[in-house]
Each structure stands twice: as structure tokens, then as C-alpha cells.
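Trainee: This structure is in C-alpha cells; I'll ask about it shortly.
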Amino acid sequence: MGKYAQIVIGPAGCGKSTYCNTLYEHCQAIGRSVHIVNLEDVMEEMQLGPNGGLLYCMEYLEENLDDWMDEQLSSYGDDDYLVFDCPGQIELYNHLSTFRTFVDFLKRDGWSVCAVYCIDCHFITDVTKFIAGSLQALSAMVKLELPHVNILTKMDICESKKEIEEFLIPESNTLLHRLSASTGPRFAGLNKAVASLLDEFSLISFVPLDMTDEESIGEVLTHIDMAIQYGEDADVKIRDEPDEEPADDAQ
């Protein structure tokens, strides 16, 4: 059927690992095989602190993709689905080449890959935080050049769900109005430029995720499946029809 992978990224504390674990449990319940790969485990194995472990992991990953990573992935093949739980340092996806190199390696190896960008829904309650989060997501989209799904996590503990709905597919005029109301007149030009940037790309939208709601988890997975065309290359199974017995000759 094919090899599929999610690259789960986003700022620290946004719920990436919780999303990965919840997705794993959901897939187990519906009979889909999923493997979680945590790229931060190297910190414990090498007895390194967060920054040292991260740098070592990323440098080692980039320098040894064709050897070490190829060996690690050799046990996976068609019909496998990997979910990479990635570090929370956003500069890895926005500025550095490591993850772009990693993504290109996966695609060369035949994996259909989707970037899943997680952001805490509480960012949405403040328009300036929303703009910052949207620009981070847009930067990752441009850098990685992958099918991309943005997820609003922690909706199960959100107290202003109705207010968030208008930001799921943000409209530039609404953003500009809210920005102008929360900043001084001297930022008018900057506010207009930022709103126009998001409107020009027309790529930013969000899927809300309530970890306690199976339908919500299923909806997120459906968006990702559509982005990577999960299962569309599966062979069509045609039932063999029994051979018809020849009709008796007319007497």
C-alpha cells in the first residue's frame, strides 16, 4: 500500500508527544499499525543535557542519514506508518537545514511524508500570539515543502472555543482589525504587511484537536490521510467470478 510518515513539529510544550501517544492509541483501536519514533531519546542514551543532546542528535542525524538512518528504517516497509515526535526548538524547522535534509531522505526512500505542526490553542485567544504562531507554521511550511496540517492542541481544556472558531481559517481583514485594536498607530504599516503576508500565501488554516474526543482525533487523522493520499495507491481487489457452465444445446 505504501510507506507513510508524519513529522510532528511545533514549539516546546505545545503537546506534540501527547498528540503522538493519543494518535497511537486511536490507531490501535481502529486496527491501523503505527510506530512512534522519538528523536529526543538520544539525550538520555548519551547522558547529554537538552541543548547538547539536541545538537548531537541533529548533527548525527544529518551526517549519517545514508548509513545509520537507512539501517534504522530497513525493518520498515510497505504498509508501515511512522510518526516522528520531533524536538520543540522551532529553529530546527525554520532556519537550519537538518530537517529538510531528513525529509528529502525519507522522500527518496519512498515515504509519503506530511508535516504536522502543533500549536497550543491558547495562542489563539491573543491575536498577537496567533500571528506569531501562524508565521512560525508558515515558515516551516516554506522550509520543508511538504503537505502540511496545522493542529490546535489542548482544545479539551480550552474555555473559549467559540472565539477560536473564527481563527481556524483566518481572514486578513479580521486579523488586521484585531491587530490595530491591540497595538498603537505606529504599528499600522507593520500590521497591514503581516496580515497581507498571511492572506497572500492563503496556506494557514487549523484543525482543532480535543484529545478526549475520538471523533476529533479521527478528523485530524482524516486531514493528514488526505494530505499524503493514504491508501490511494492500494491495489484494487477484484473478486474472481466463477466460470459459467456452458448452456445445454437446444434439442
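The values are calculated or read from the model by the stated rules, or taken from the named source; none is laboratory data. Here the structure is a predicted model, which is why all the values come from computation and not from measurement. Here Cβ is always computed from backbone atoms with ideal geometry, including for glycine, and neighbour counts include all displayed protein chains. Protein only, heavy atoms only, side chains kept; ligands, DNA and RNA dropped before computing areas. Shrake-Rupley method; radii C 1.70, N 1.55, O 1.52, S 1.80 Å.
Trainee: Could you derive backbone 3J(HN,Hα) for the stretch 78-90 from the dihedral phi with the Karplus parameters 6.51, -1.76 and 1.60 (θ = phi - 60°), listing whole Hz in sequence and x where the residue is Gly or Pro?
Mentor: The phi angles translate into 4, 6, 8, 9, 9, 10, 8, 7, 9, x, x, 7, 5 Hz.
Trainee: For residue 74 paired with residue 139, estimate the spin-label separation in nm (one decimal), with each label point 7 Å from Cα along the Cα-to-Cβ line.
Mentor: Placing both labels 7 Å along Cα→Cβ, they lie 3.8 nm apart.
Trainee: Here is a further query. What order, most packed first, do the peptides 206-212, 3-9, 184-190 have when packing is the mean number of other Cβ atoms within 10 Å of each residue?
Mentor: 3-9, 206-212, 184-190
Trainee: Spin-label point model (7 Å from Cα, Cβ direction): what's the residue 188 to residue 55 distance in nm?
Mentor: 4.6 nm
Trainee: Give me a comma-separated list of calculated 3J(HN,Hα) values for the stretch 93-108, in order, Karplus coefficients 6.51, -1.76, 1.60 applied at θ = phi - 60°, integers in Hz, x for any Gly or Pro.
Mentor: 9, 9, 10, 7, 8, 4, 6, 5, 4, 4, 5, 4, 5, 4, 5, 5
Trainee: With every protein chain present, what is the per residue accessible area of the stretch 96-176 (1.4 Å probe, Å²)?
Mentor: That works out to 42 Å² per residue.
Trainee: Please list, in order along the stretch 181-192, the HN-Hα scalar couplings obtained from phi with the Karplus expression 6.51 cos²θ - 1.76 cosθ + 1.60 (θ = phi - 60°), rounded to whole Hz, x for Gly and Pro.
Mentor: 6, 9, 10, x, x, 5, 9, 4, x, 5, 4, 5
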